[in-house]
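As structure tokens, the structure follows; a few thoughts come after it.
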Amino acid sequence: MSRIAVEESKKIQWSGELVSIQPRTRVWRYLLDNRTHYHLGFTLFFLSEEGNSFSVAISEKQQMKYEFSIGDVIQGSAWTKLYPEREFADYYRAGALKILKKSEKVMDTQCPWTGSVPEMAVYEERGARMLSKSLWKGTCFRCYYATMSNVEIQWDFDRDIKKYRFESFCYGPKSCKYYKPGPARSVPYKDRGPALDIGWLDDLCTQSRDWEE
Ligand code: SF4
């Protein structure tokens with residue numbers, strides 16, 4: 001049983017300039033015994049003509065078909081989210097996608113990972129480390145290795161009650177000079193003091209790659 005707010009979903013039309021593409025991910029946490037990352041597709045972050053920021057969830061298949069890149073002007077339809085506590089992107093079930101103008105810009109960014117985004121299998125294989133939220137919002141925002149995950153915390157196994165929040169992670173090289181994990185993250189469980197994720201789960205999740213990979 002999960003106690004969550006459900007909102008009515010409405011279909012909308014949207015358009016805007018793409019400012020970032022990141023993997024769309026979900027993380028299941030259970031104390032410090034388990035942190036499992038699921039790779040669902042991509043989140044496109046936009047700036048509208050009126051200067052409003054919004055984000056749209058798309059599938060891996062849609063990204064591979066249209067090969068969206070930062071600077072493209074895109075339009076489409078989508079639905080407002082049903083579960084605001086659980087879903088980070090603003091809009092879902094995107095369709096009628098169309099590139100109105102292909103990007104001609106040279107990217108003005110500190111981050112070198114802003115070109116063609118990898119396939120989901122690459123993220124799956126690389127694994128993620130915790131990333132400081134302020135870096136996610138700033139230097140790392142355009143990096144395709146950054147993500148803001150929908151996190152489910154298993155708070156009570158017996159009654160299957162979960163808590164929800166959003167957490168930032170990085171799939172990039174361990175040697176990236178911008179990387180900082182941010183503070184330890186508390187993982188609460190019913191009738192217990194919170195366990196603190198101080199980073200050793202990062203080592204486990206990324207054990208298949210070396211410092212430079
Ligand atoms: S720290 Fe991670 S997300 Fe940020 S620029 Fe480096 S590789 Fe990208």
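Miscellaneous remarks
- Filter result for Ile153 (over 23 Å from Gly41 (Cα atoms), out of contact with any helix residue (DSSP H, G or I) (no Cβ under 8 Å at 6 or more places or on another chain) and in contact (Cβ under 8 Å) with a residue 24 or more places away in the chain): no
- Count - residues of region 152-193 that are buried (at least 18 other Cβ atoms within 10 Å of the Cβ) and β-branched (Val, Ile, Thr): 2
- Near pairs, Cβ below 6 angstrom, 6+ apart or cross-chain, from region 166-179 (farther than 17 Å from His37 by Cα) to any residue that is hydrophobic (A, V, I, L, M, F, W, C) and surrounded by fewer than 18 Cβ atoms within 10 Å (Cβ to Cβ): Lys174/Trp211; Ser175/Trp211
- Within region 121-136, considering residues that are away from the ligand (no atom under 11 Å from the Cβ) and more than 14 Å from the chain's Cα centre (by Cα), the one farthest from Pro173 (Cα to Cα): Ser134
- Some residue of region 137-147 being within 17 Å of Arg35 (Cβ to Cβ), crowded, with 18+ Cβ neighbours inside 10 Å, near the ligand (Cβ under 9 Å from one of its atoms) and within 19 Å of the chain's Cα centre (by Cα): yes
- Candidate set: region 83-118, residues that are over 19 Å from Leu135 (Cβ atoms) and at pLDDT below 90; chosen: the one nearest to the chain's Cα centre (by Cα): Gly115
- When the residues of region 168-212 are filtered to those that are in contact with a strand residue (DSSP E or B) (Cβ under 8 Å, 6 or more places away or on another chain), of a type in the set (Ser, Thr, Tyr) and within 25 Å of Phe42 (Cα to Cα), the one that is farthest from the ligand (Cβ to nearest atom) is Thr206.
- Residue match in region 44-51 (condition: farther than 24 Å from Tyr123 by Cβ, in contact (Cβ under 8 Å) with a residue 40 or more places away in the chain and more than 20 Å from the chain's Cα centre (by Cα)): no
- Inside region 143-197, residues that are among the charged types (D, E, K, R) and more than 25 Å from Val122 (Cβ to Cβ) make up a count of 10.
- When Ser132, Ser103, Ser116 are screened for being out of contact with any Cys (no Cβ under 6 Å at 6 or more places or on another chain), hydroxyl-bearing (Ser, Thr, Tyr), surrounded by 15 or more Cβ atoms within 10 Å (Cβ to Cβ) and without any contact (Cβ under 8 Å) to a residue 60 or more places away in the chain, only Ser132 passes.
- Residues within region 8-39 that are more than 24 Å from Gly172 (Cβ to Cβ), assigned to a loop (DSSP other than H, G, I, E, B) and not basic (Lys, Arg), tallied: 4
- Flag if Met130 is under 23 Å from Leu18 (Cβ atoms) and at pLDDT 95 or above: no
The values are calculated or read from the model by the stated rules, or taken from the named source; none is laboratory data. Note that the structure is predicted; figures quoted are calculated from it, not measured. Methodologically, a virtual Cβ is constructed for each residue, glycine included, from the backbone with ideal geometry; neighbour enumeration extends over all protein chains shown.
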